[in-house]
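The values are calculated or read from the model by the stated rules, or taken from the named source; none is laboratory data. Source: prediction; values computed, not measured. Heads up, the Cβs are rebuilt from the backbone with ideal geometry, glycines too, and the neighbour counts pull from every protein chain shown.
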Amino acid sequence: EQRAYMIVDQRTLVVCPKSQAQEMVDAVTQRHPAEAIDPLLPFTDRDRHLTAIFNPQTLTLQETWFPQNVVPLIQNSVEWLGDEVETVAWSIHLSPDEFFSEILLHGKGVTGKKAILKLENELQEKLAGLAEHLLPYFQQMNPQEKGKRMVIGRVPAMMEVFSMATEFHHGPEHVQLVTSLPDVAGPNLVLGAMLSWEESTRTDFTKSRPVPADPKQSKIPELVADRLQMRIDVDFRRMPLNEAFDFIAGEIKTPIEIDGDALKLGGFTKNIAQTFKMDGAPVKDVVLKIFADSKGIDPKPEKTLVIIVDEARKNLLVTTLAAASASGLKPFELTK
């Protein structure tokens, strides 16, 4: 009783609320905003596990489609995309080896190479700054359970990894964002997003961030070497090596770079699974445990993993002893 139906042709059945029946009929002969999805359809792949295609403007005009507590998320997401994005197609695919994401964004009135490159650059800047933009909101969340606190605390780092793994391409009227991550990234992203969403519904973001229970622990030492003495809790469950270091980087607020080329030459991969739990352990002990559990194909001492402290750049580098020696870098002594 509350729905109207129309068979347009042998392949098309349209359903809408009864009150919008005339709009449905008019759409047959008049251009509708939803038709803006047509330019993206040829670039989608029906073999992907999930593809969502939508018009951001339509989402903002149809608030009744969503529960009231979801509306702010929709509005903020559309605002983040910007006025120049007319339609979006987001495909997700999970395989035994990777988590694959492809986002296609069709520009509104964007024609010509110069205009599409401008849109691409703007989107690159937005994605690069997304983790930093979200961080203050995550810092205001205060989950009561330790496990949830750990997962939610990792989400900004996950977003940073997602951003760094994303490649940008473009066509005549659209921008393409392709992201390929290890297979465990999919479940981690879903769990982190769901727990964060749940916690956000209980968080009053108008209040100031709660003071940590241990102010001394929350203060980040000036020297990077001293940050390796900070104590953290970890519960890694088949977490790839690169994500484990992303988590540590987030805990000590210090970038950690991984020398991928050096690791490959040493017989290591960034996907080496880490499965262990440590409570209140110094960061250097956690790093030492990761190194001990990560075996390369070459047992020679010069192929072992080491970490380099760069006080000038305020960051850490994970590489091999051979690569460090070749570059004249001195490994940090983790056993002291």
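Against the condition within 27 Å of Gly280 (Cβ to Cβ), surrounded by 13 or more Cβ atoms within 10 Å (Cβ to Cβ) and in contact with a Gly (Cβ under 7 Å, 6 or more places away or on another chain), how does Arg149 come out, does it pass?
So Arg149 fails the test.
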Mind checking whether some residue in the range 13-25 is of a type in the set (Lys, Arg), not in a strand (DSSP E or B) and not assigned by TED's automatic domain parsing to the domain that holds Ser196? yes
When every residue in the range 193-206 that is in a helix (DSSP H, G or I), of a type outside the set (A, V, I, L, M) and in contact (Cβ under 8 Å) with a residue 12 or more places away in the chain is compared, the one surrounded by the most Cβ atoms within 10 Å (Cβ to Cβ) is Ser196
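Check every one of the strands (runs of 3 or more DSSP E) wholly within the range 268-330 and list those with 2 or more residues that are over 16 Å from Asp233 (Cβ atoms), free of Cβ contacts under 8 Å to residues at least 40 places away in the same chain and outside the structural domain of Lys146 (by TED's automatic domain parsing).
Filter on the range 268-330 gives 305-310.
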Arg48 fails exactly one of (1) within 22 Å of Glu86 (Cα to Cα); (2) within 36 Å of the chain's Cα centre (by Cα); (3) of a type outside the set (Ser, Thr, Tyr), namely (1)
Taking the range 54-75 and the residues there that are part of a helix (DSSP H, G or I) and among the polar types (S, T, N, Q), the one that is nearest to Pro182 (Cα to Cα) would be Gln75
Restricting the range 207-242 to residues that are assigned to a loop (DSSP other than H, G, I, E, B) and among the acidic types (Asp, Glu), the one modelled with the highest pLDDT turns out to be Glu222
For Asp183, state whether it is closer than 25 Å to Ile103 by Cβ and modelled with pLDDT under 85.
yes
Restricting attention to the range 158-192, the residues that are exposed (fewer than 15 other Cβ atoms within 10 Å of the Cβ) and assigned to a helix (DSSP H, G or I) number exactly 3
The condition of being in contact with a helix residue (DSSP H, G or I) (Cβ under 7 Å, 6 or more places away or on another chain) and buried (at least 17 other Cβ atoms within 10 Å of the Cβ) holds, among His106, His93, only for His106
Considering the range 1-12, residues that are in contact with a Ser or Thr (Cβ under 9 Å, 6 or more places away or on another chain) and not in a loop (DSSP other than H, G, I, E, B), and then whichever is modelled with the lowest pLDDT, we arrive at Met6
Being touching a Leu at 6+ places or on another chain (Cβ under 7 Å) and assigned to a helix (DSSP H, G or I) narrows Val88, Val78, Val155, Val110 down to just Val78
